[in-house]
Amino acid sequence: MCQQFKVVLLLTIMIVLAGCSFFSIEKENKKVDISSDIATETLLDQPPIDPVITRDGDDVYIEMTSQVTNVEISEGVIFNAWTFNGTVPGPDLKVEQGDTLHFTLKNLDPIVPHSMDFHAVHAAPSKKFIDVMPNEEGTFVYSANNPGVFMYHCATDPMILHVANGMYGVIIVEPKDGYPTDDEIDREYTIIQSEWYPYDDYDALENGEPQYVVFNGSDFALTKTPLEAKVGEKIRLYVSNMGPNEVSSFHVVGTIMDTVYLDGNPHNVLKGMQTVMLPASGGAIVEFTLTEAGDYPFLTHQLNHVAKGAIGKIRVTE
Ligand code: CU
Ligand code: CU
């Protein structure tokens with residue numbers, strides 16, 4: 001009996017150890033593959049290409065690229081990014097509730113497959129968010145029936161790598177009847193929070209802290225060139241958090257948000273907010289007025305992320 005137990009125990013340990021080593025080999029291979037891809041890709045710097053967007057009634061034709069392009073994430077710090085259309089974030093898209101999207105992805109990346117996952121649509125991911133192979137293109141059709149501020153991103157495995165390398169952006173679906181506050185708005189801007197991790201460091205992506213947390217792609221984009229407004233104007237921000245891993249506690253210093261539409265849906269109304277929480281992939285419309293001339297910082301109130309770059313400002317003049 002005792003001997004039998006020992007044998008069973010030994011067999012169990014052997015199976016567990018074998019499982020562990022298979023896992024690490026598999027993971028190691030994945031790492032090696034990704035690294036060699038990246039090593040080849042660092043030679044690439046494909047120039048940005050404008051998206052092509054045309055409308056025919058309620059049919060909107062959107063043509064975008066996936067491509068490898070160098071972007072500046074901090075003064076003098078270049079990241080060899082995986083992008084939509086050569087920018088990080090990718091192009092801001094705006095459509096109307098009820099539109100049918102005819103989306104074409106041209107994958108100009110000669111090595112890595114990419115894909116498109118629009119949070120704004122109902123679709124079977126296994127059919128419509130699928131990989132487009134290197135140097136190929138794919139067209140997918142779906143409707144945008146829900147209003148909101150939605151994330152889009154590449155969903156190719158490993159998704160964390162594609163998002164962390166820069167493949168994301170925002171698609172705004174405007175409600176059929178607009179927002180109740182539309183008439184009050186004088187200016188609007190889009191602000192996208194995201195993280196940058198050390199280049200080609202898969203372990204840092206899964207287990208580490210971001211090196212930069214930024215608005216609109218870099219730690220200087222919205223401080224070096226502040227957003228502009230006049231005293232007393234009603235400002236609308238479309239804010240979205242791409243992650244891949246962190247939440248955002250979005251706050252504008254020196255004001256209180258009059259109206260917030262969570263995820264940009266006109267039914268999700270909040271009033272008098274100081275800070276709005278955006279989960280990874282979450283969005284919001286934030287509206288407020290700045291009553292005195294001066295510089296107003298906006299930031300994520302997770303202050304360690306401000307130190308890493310997640311701050312911008314609005315310059316208000318008379
Ligand atoms: Cu991708
Ligand atoms: Cu997603």
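Each reported figure results from applying straightforward, stated rules to the coordinates on display, with no laboratory input. The shown structure was predicted, so the numbers you read here are calculated from the model rather than taken from an experiment. Here the Cβ is made from the backbone with ideal geometry for all residues, glycine too, and neighbour counts use every protein chain on show.
Listing for the model above:
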| read-out | value |
| --- | --- |
| Restraint check, 230/313; 106/127; 94/176; 234/271; 106/128; 94/271, Cα-Cα greater than 22 Å | 94/271 |
| Among 52, 88, 306: highest mean-square fluctuation, GNM of the chain, C-alpha pairs under 10 Å | 52 |
| Computed over the chain: relative contact order in percent, which uses C-alpha pairs under 8 Å that are six or more apart | 14 percent |
| DSSP beta bridge pairing in the stretch 118-241, given as percent antiparallel to the nearest 5 | 65 percent |
| Charge tally in the Cβ shell below 15 Å around residue 262, where Lys, Arg are +1 and Asp, Glu are -1, residue 262 excluded | -1 |
| Full-extension gain in nm, residue 135 to residue 72, via 0.36 nm per residue minus C-alpha separation | 20.1 nm |
| GNM result for the chain, Cα springs below 10 Å: residue of 126, 74, 66 fluctuating most strongly | 126 |
| Contact order normalised by residue count of the stretch 45-128, Cα under 8 Å, 6+ apart, percent | 29 percent |
| Against the rule of thumb 2.2 N^0.38 Å, how large the Cα Rg of the stretch 118-204 comes out | 1.37 |
| Residues 220, 84, sorted so that the one with the fewest Cβ neighbours within 10 Å comes first | 220, 84 |
| 14 Å beta-carbon shell around residue 231, net charge (K/R +1, D/E -1) | -2 |
| Under-5 Å amide H pairs with residue 97, H placed in peptide plane, nonlocal only | 174, 176 |
| The stretch 103-250: Rg to Rh, with Rh as the Kirkwood radius over Cα pairs | 1.01 |
| Value of relative contact order over the stretch 248-318, rounded to a whole percent, pairs C-alpha under 8 Å and six or more apart | 35 percent |
| Taking 133, 64, 273 and counting other C-beta atoms within 10 Å, the order from fewest to most | 133, 273, 64 |
| At 1.567 mPa s and 4 °C, Stokes D of the stretch 38-152 from Kirkwood alpha-carbon radius, µm² per second | 87 µm²/s |
| Exposure proxy order (Cβ contacts within 10 Å, fewest to most) of 308, 128 | 128, 308 |
| Segment residue 55-residue 206, extension gain: residue separation times 0.36 nm, minus the distance between their alpha carbons | 50.3 nm |
| Percent antiparallel among DSSP beta bridges (both partners in the chain, rounded to 5) | 75 percent |
| Rg over Rh, two decimals, the stretch 127-176 (C-alpha only, Kirkwood Rh) | 1.01 |
| As computed over the chain, the Cα convex hull volume per residue (Å³) | 176 Å³ |
| The stretch 181-318: proportion of alpha-carbon pairs further apart than 26 angstrom, % | 21 percent |
| Net length gained if the chain between residue 228 and residue 306 were fully extended (0.36 nm per residue, minus Cα distance) | 26.0 nm |
| MRE, 222 nm, helices only [DSSP H, n ≥ 4, -39500 (n - 2.57), over the chain, to nearest 500] | -6000 deg cm²/dmol |
| Local electrostatic count at residue 156 - Lys and Arg +1, Asp and Glu -1, tallied over other residues with Cβ under 11 Å | -4 |
